[in-house]
Every structure is written in C-alpha cells, then in structure tokens.
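First the structure, in the form of structure tokens, and then the observations on it.
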Amino acid sequence: MATLDVPRILYAAATILIREDRRLSVEFREGEIRIKFPTTRRLAEYLNVPHYYVLPYFSEMEENNMIRREERVGISTTTAGTSLFFSMLDENLKASAETLLGSETFEALGLRARACSGEQRESRTAEIYR
C-alpha cells in the first residue's frame, strides 16, 4: 500500500486529469482560478488505497485553503491550490500538460494562477494591517 501525503495526492490528481482523463476543467472567477479535482474515490482507486485513507488529507488541504469541497458540486482547488497545482505540473507533468493544453495556454494559466495567488496574499496582508 502506498504511503500518502498531500504532495502525492496532488500529483495523483494531476496525473488522473492530465494523463488519464486528458481533460482539465477550469473555472474563472474574478481574482480566482479553480480546477475541478477527481473524486476522492477515484483518487483512492488510483493510489490503490481504501477510500477512507485519502479523506484526512483532503481535510488537511481544506484547512490549509488549498481546496474547496462543495456538496453535490465536488472538489476544486482554491487560488492557492491552483498555483501549487500548476507548479507541480511544471515540475513533473509539463510535457503532458502542454500536449493537452498547448504550451501557450499552459503558460498563460500558470502565470495567471500565480498572479491571482499573489493578489490574494497582498489582499490578506492589507486586511491584517488595517
């Protein structure tokens, strides 16, 4: 059985989306880019672990504002999670992601995700010092 941690789960989600499904659902909102994740059951199956093994990691990611779980909608990344997701793609799955998205789209999405993440950090910092 595989040893689990947050980076391994993120990598599994990226691999499922980019290499297996060959589909990436991206949602744009003002100042935010979200990526729809595979279900926890799909991730557990991919990682060859019982479903309940992955749930604590999703709770941890939610507490750390990396993902958002919405009942009957699914799991999606937050802006911080999207930035981390694109960093992981850039390090490990760049060729596959560029094949799927095209290099220009991949680069533009990654840059925009990082920019949104930076904007949110600046906004939170400004709120703290008001």
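Out of region 16-42, which residues are of a type in the set (S, T, N, Q) and crowded, with 19+ Cβ neighbours inside 10 Å? Lay out the reasoning, then the answer.
Of all residues in region 16-42, those of a type in the set (S, T, N, Q) come to 25, 39-40.
Listed by number, the list holds a single entry, Thr40.
When the residues of region 90-106 are narrowed to those that are of a type in the set (D, E, K, R) and at pLDDT 90 or above, which ends up farthest from Arg23 (Cα to Cα)? First the steps, then the outcome.
Residues of region 90-106 of a type in the set (D, E, K, R): 90-91, 94, 98, 104.
From the residues that got through so far, the ones that are at pLDDT 90 or above too are 94, 98, 104.
Details: Lys94: 15, Glu98: 12, Glu104: 17 Å.
Result: Glu104.
Starting from residues that are touching a residue at least 24 places away in the same chain (Cβ under 8 Å) and in a helix (DSSP H, G or I), keep the ones in region 21-42 and report whichever is nearest to Thr82 (Cα to Cα).
Checked region 21-42; the qualifying residue nearest to Thr82 (Cα to Cα) is Thr40.
Would you mention how many residues in region 1-57 are polar (S, T, N, Q) and over 15 Å from the mean Cα position of the chain (by Cα)? Break it down stepwise before answering.
Initial filter on region 1-57 (polar (S, T, N, Q)): 3, 15, 25, 39-40, 48.
Checking the rest, the ones that are also over 15 Å from the mean Cα position of the chain (by Cα) come to 3, 48.
Total meeting the criteria: 2.
The values are calculated or read from the model by the stated rules, or taken from the named source; none is laboratory data. Computed from a predicted structure; not experimentally measured. Counting neighbours? That spans all protein chains shown, and the Cβs are built from the backbone with ideal geometry, glycine included.
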